[in-house]
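Trainee: Submitted below is the structure of interest, expressed as structure tokens.
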Amino acid sequence: MVEIKVVGDKAVFEVEGWDKLWSLRSRLEIPLKHIRGVHADPKPAMGWFDGIKLGGTAIPHIFRAGTFYQQGDFVFWDVRNPDKTIVIELEHEHFAKLIIEVDEPQAAVGLLKNAIS
């Protein structure tokens with residue numbers, strides 16, 4: 001799971017617990033001006049053929065954490081419970097998207113939408 005904070009002009013994504021080990025990351029900082037959009041996605045594509053794992057952990061349809069190559073872009077994942085997934089679309093960053101599990105998806109989407117508007 002990931003905790004999101006807005007600090008100044010950046011969104012800070014803190015990877016929590018054992019997910020730090022599985023995803024090979026503990027924190028991401030993204031300038032708010034690089035966030036193109038954010039939305040909840042309770043059914044993210046986590047199957048066998050939904051991207052190539054470059055670093056991290058993946059058990060198809062169950063758990064995905066780390067860096068993946070999907071549809072020509074790098075994507076950061078940290079999802080165990082798909083019902084709590086949000087997608088953050090980025091520009092001018094290493095990752096094209098962050099697909100992450102959060103405690104309260106609608107609250108996280110609201111927080112980021114308010115911060116980028």
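Trainee: Which peptide among 8-15, 95-102 comes first, and what is the full order, when sorted by highest mean count of other Cβ atoms within 10 Å?
Mentor: Top of the packing list down: 95-102, 8-15.
Trainee: Now for a different question. Taking the Cα centre as origin and putting +1 on Lys and Arg beta-carbons and -1 on Asp and Glu beta-carbons, what dipole magnitude results for region 5-114, to the nearest 20 debye?
Mentor: 100
Trainee: When the chain is treated as a GNM, springs tying every alpha-carbon pair under 10 Å, which of ASP78, ASP50, ASP41 comes out with the largest mean-square fluctuation?
Mentor: Highest fluctuation of the listed residues: ASP50.
Trainee: Work out, step by step, the length gained on full extension between PHE49 and ILE62: first 0.36 nm times the residue separation, then minus their alpha carbon distance; give nm to one decimal.
Mentor: Taking 0.36 nm per residue and subtracting the Cα distance, the gain is 3.3 nm.
Trainee: Give the angle, between 0 and 90 degrees and rounded to the nearest 10, that separates the Cα long axis of helix 105-116 from the longest principal axis of the Cα atoms of the chain.
Mentor: 50
Read-outs: derived from the displayed coordinates by stated rules, not from any lab. Given the structure is predicted, the values throughout are model-derived calculations rather than measurements. All Cβ positions, even for glycine, are placed from backbone atoms using ideal geometry, and neighbour counts span all protein chains on display.
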